[in-house]
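These notes are about the structure you will find just below.
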Amino acid sequence: LTKLQEKLSTDKKGVMVQASTLGALEALLQFLREETKPPIPVSAIGIGTIHKRDVTKISIMNEKGCSEYATILAFDVPIDKEAREQAEEVNVRIFTAEIIYHLFDQFTRFMEELTEKRREDAAAVAVFPSICKILPQHVFNTKDPIILGVEVIEGILKVGTPLCVPAIGGLHVGVVTSIEQNGREQQTARKGTSIAIKIVNENNPTLTYGRQFDASHSLYSTLSRASIDALKLHFKDKLENEDWRLVVKLKKVFNII
């Protein structure tokens, strides 16, 4: 009995799993916990038909801020008509299949799409860490827009990155609107790359290279607590260890607690 209790134990946050028999439930739980990477947490289990009360129970995941787990994985079980209607009302997904792998595939596909959407939503907030050195022999336009050749000394520079000069009181230089390497536009440039960047400063279009700042100043990505949190939540796998070390270094530069 203790072994069975262990197998049927649940997590505080996770999906609901419903199966046709106890044996099928055990098999599905084992698959989700031991054979999927990362494991899929399960907060509720049941046997037999899915009813309205089951949908109501798992809908609490929406209130807990874990909407991805407001999901029922239904393995070879019928779904009550009222339960389907309730699921639409309270934003609960029900995935059904007669083969364990198919259930897993459906949920994995949903999670991948959700992760991508969250990344897109977070992209406006997330700022990747970078430090760039201006190449004075490659200054193509000194203002509105400023177009410069730079070398990425540390980190990752991306289109959309706000740049500043900490050495001049955090002077806001502008936002990178394009990156070019060898005549080709790209979205990202990593450490060691020499590129041409276009910088637009909508708040201060008169800002001029050679007047307010010059090649003696390094350009830094402007980080904030919100941008670092967005990186940790949605882009952790896009940064390498040395990039995270740069985040720590820039926290000190910008006095971020």
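The values are calculated or read from the model by the stated rules, or taken from the named source; none is laboratory data. Keep in mind that this is a model prediction, so the values were computed, not measured. Counting neighbours? That spans all protein chains shown, and the Cβs are built from the backbone with ideal geometry, glycine included. These area figures cover heavy atoms from the full protein model, side chains too; ligands, DNA and RNA do not enter into them. Shrake-Rupley method; radii C 1.70, N 1.55, O 1.52, S 1.80 Å.
Selection of strands (runs of 3 or more DSSP E) fully inside the range 85-179 by the criterion of at least 2 residues being open to solvent by 30 Å² or more (accessible area, probe 1.4 Å) returns 93-97, 130-141, 146-158.
With respect to the conditions (1) farther than 22 Å from Ile99 by Cα; (2) modelled with pLDDT under 90, Pro38 lacks only one, and its number is (1).
Would you mention how many residues in the range 189-217 are open to solvent by less than 50 Å² (accessible area, probe 1.4 Å) and either within 28 Å of the chain's Cα centre (by Cα) or among the acidic types (Asp, Glu) (or both)? Let's see the steps before the verdict.
Residues of the range 189-217 open to solvent by less than 50 Å² (accessible area, probe 1.4 Å): 189, 193, 195-197, 199-201, 207-209, 213, 215, 217.
Still in the list and also either within 28 Å of the chain's Cα centre (by Cα) or among the acidic types (Asp, Glu) (or both): 189, 193, 195-197, 199-201.
Adding up the residues that qualify gives 8.
With respect to the conditions (1) within 17 Å of Ile134 (Cα to Cα); (2) surrounded by fewer than 16 Cβ atoms within 10 Å (Cβ to Cβ), Glu240 lacks only one, and its number is (1). Figure legend. Inter-residue proximity from the range 134-150: first residues closer than 13 Å to Lys198 by Cβ, second residues outside any strand (DSSP E or B) and hydrophobic (A, V, I, L, M, F, W, C), beta-carbon distance below 7 Å, spacing 6+ or different chains. Indicated pairs: Lys143/Leu207.
Looking at Leu32, Leu1, which is the one that is among the hydrophobic types (A, V, I, L, M, F, W, C), closer than 21 Å to Glu113 by Cα and at pLDDT below 95? Break it down stepwise before answering.
Working: Leu1 fails: closer than 21 Å to Glu113 by Cα.
Just one listed residue meets the conditions, Leu32.
Can you tell me which of Leu246, Leu223, Leu233, Leu207 is part of a loop (DSSP other than H, G, I, E, B), within 30 Å of Leu114 (Cα to Cα) and either of a type in the set (Ser, Thr, Tyr) or touching a residue at least 60 places away in the same chain (Cβ under 8 Å) (or both)? Don't jump to the end; show me each part of the working.
Values: Leu246 fails: part of a loop (DSSP other than H, G, I, E, B); Leu233 fails: part of a loop (DSSP other than H, G, I, E, B); Leu207 fails: within 30 Å of Leu114 (Cα to Cα).
Residue meeting the stated conditions: Leu223.
Could you list, in sequence order, the residues of the range 73-84 that are part of a helix (DSSP H, G or I) and of a type outside the set (A, V, I, L, M)? Talk me through it step by step, then tell me what you get.
Of all residues in the range 73-84, those part of a helix (DSSP H, G or I) come to 81-84.
Result: Lys81, Glu82, Arg84.
Count of the range 66-105 residues, restricted to those that are more than 16 Å from Ala19 (Cα to Cα) and of a type in the set (A, V, I, L, M, F, W, C), is 5. As a summary of the residue check, Ile146 satisfies the conditions (1) modelled with pLDDT of 95 or more; (2) under 12 Å from Tyr220 (Cβ atoms) except for the one numbered (2). When Leu157, Leu163 are checked against the criterion of being touching a Gly at 6+ places or on another chain (Cβ under 9 Å), within 24 Å of Asp121 (Cβ to Cβ) and modelled with pLDDT of 95 or more, Leu163 stands alone in meeting it. Close Cβ contacts (under 8 Å, 6 or more residues apart or on different chains) running from residues in the range 69-98 that are without any contact (Cβ under 8 Å) to a residue 24 or more places away in the chain to residues that are among the polar types (S, T, N, Q) and part of a loop (DSSP other than H, G, I, E, B) comprise Ala70/Ser59; Ala70/Asn91. A Cβ distance below 6 Å, combined with a sequence gap of six or more or placement on separate chains, defines the contacts here; from the range 103-116, residues that are touching a residue at least 40 places away in the same chain (Cβ under 8 Å) and farther than 11 Å from Thr71 by Cα reach residues that are assigned to a helix (DSSP H, G or I) and open to solvent by less than 70 Å² (accessible area, probe 1.4 Å) in the pairs Leu114/Glu68.
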